[in-house]
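A short worksheet on the structure shown next.
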Amino acid sequence: MKIQDVIAPELVPDLIDAKAVGIDIGSRAAKAVLLNKGEIFTAIIPSGISSQESAKEVLEELFEKSGLSLDDIDYIVGTGYGRISLSFEKTPNEVVTEISCHAMGAHYLNSNTRTIIDIGGQDSKAIKVDPESGKVLEFIMNDKCAAGTGRFLEKVANLLDIRLEELGDVAVKATTASLISSQCVVFAESEVISLKAKGEKRENIAAGIHIATARRIRNLLNRIGMEPTIIFSGGVSNNIGMKLALEEVLGVKIGETKLDTTFGGALGAAIYAHKYALSGHVAVSSQTVLQAVN
């Protein structure tokens, strides 16, 4: 697809030169974005045990779509859960935190972005973004409990005997959202089991879980402040039930983008790679990058 079809119009001129790749290795999926002189290509595969192998496979899919090879690429930036394990000997490469990459990706998709809700498989984040630069102003993570993450939603889907991909669609069919009061994933699972045993409709249970998850996200946002435009990114962003639950609980509409925000982190990584390629940025150690969010 053409870059101008998905990128905020005023930022399109920034992305017309280098051949740059961003790779986002998440706990459930590996995503990659290639920027190539006015075009954008995307690829996604399930994450494997080896981050490097997942990166290799998602790059192969990307190159098959674009007709390019690794030798053609000017710069690669890795991000996400498995970023530290990535290495490309012949191609200049760097690692950047997923928080910075999601911020930059959302900024280029919607330049009015000021707040990001990022729900992945292992954690959830609330991120404040500078709308002028796409840099991170402040962020907070929920990484000590599975509640409010894709992993929790997957467990609930299993309890309700439905596929994870169906959970959101099931939730929007609810007549009344079941009350899920526990903030702990273990107790919340017990509530789901109890509601199911009482004959509660699975649609209502699914809706209740989404509302409970949205409330956890609201608690994160309350700690850093929430300012529209709000962009929903990460692996859970395609869940329509979660999107509607967030809008109900937060009382605001989620901002629109023209690219699936599952690729938000990979896009941000590709944009950093593009910037590094044009500036002649020399790669530094992974440890140094990890110490500098921006």
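Output the residues belonging to the stretch 246-258 that are surrounded by fewer than 19 Cβ atoms within 10 Å (Cβ to Cβ) and either of a type in the set (A, V, I, L, M) or within 13 Å of the chain's Cα centre (by Cα) (or both). If you could, list the steps in order and put the result at the bottom.
Kept after step one, since they are surrounded by fewer than 19 Cβ atoms within 10 Å (Cβ to Cβ), are these residues of the stretch 246-258: 247-249, 251-253, 256, 258.
Scanning the stretch 246-258 gives Val249, Val252.
Of Ala8, Ala106, Ala32, which residue is surrounded by 17 or more Cβ atoms within 10 Å (Cβ to Cβ) and over 26 Å from Leu164 (Cβ atoms)?
Ala8
Within the stretch 264-275, does at least one residue satisfy the condition of being modelled with pLDDT of 95 or more, touching a Phe, Trp or Tyr at 6+ places or on another chain (Cβ under 8 Å), not in a helix (DSSP H, G or I) and not basic (Lys, Arg)?
No: the stretch 264-275 contains no residue that is modelled with pLDDT of 95 or more, touching a Phe, Trp or Tyr at 6+ places or on another chain (Cβ under 8 Å), not in a helix (DSSP H, G or I) and not basic (Lys, Arg).
Assuming Ile230 fulfils every condition listed in (1) open to solvent by 20 Å² or more (accessible area, probe 1.4 Å); (2) under 16 Å from the mean Cα position of the chain (by Cα); (3) within 21 Å of Ile7 (Cα to Cα); (4) of a type in the set (Val, Ile, Thr) apart from one, which condition is it?
Answer for Ile230: the failing condition is (1).
Considering each residue of the stretch 57-79, count those that are surrounded by fewer than 16 Cβ atoms within 10 Å (Cβ to Cβ) and more than 20 Å from Leu259 (Cβ to Cβ), and give that number.
6
If you go through the stretch 160-205 one residue at a time, how many are free of Cβ contacts under 8 Å to residues at least 24 places away in the same chain, in a helix (DSSP H, G or I) and touching a Ser or Thr at 6+ places or on another chain (Cβ under 8 Å)?
Residues in the stretch 160-205 being free of Cβ contacts under 8 Å to residues at least 24 places away in the same chain, in a helix (DSSP H, G or I) and touching a Ser or Thr at 6+ places or on another chain (Cβ under 8 Å): 3 in total.
The values are calculated or read from the model by the stated rules, or taken from the named source; none is laboratory data. Keep in mind the model is a prediction, meaning the values are calculated, not measured. Note: ideal-geometry Cβ built from the backbone for every residue, glycine included; neighbour counts use all protein chains shown. The protein model used for the area step is the full one, side chains on, heavy atoms only, and it has no ligands, DNA or RNA in it. Shrake-Rupley method; radii C 1.70, N 1.55, O 1.52, S 1.80 Å.
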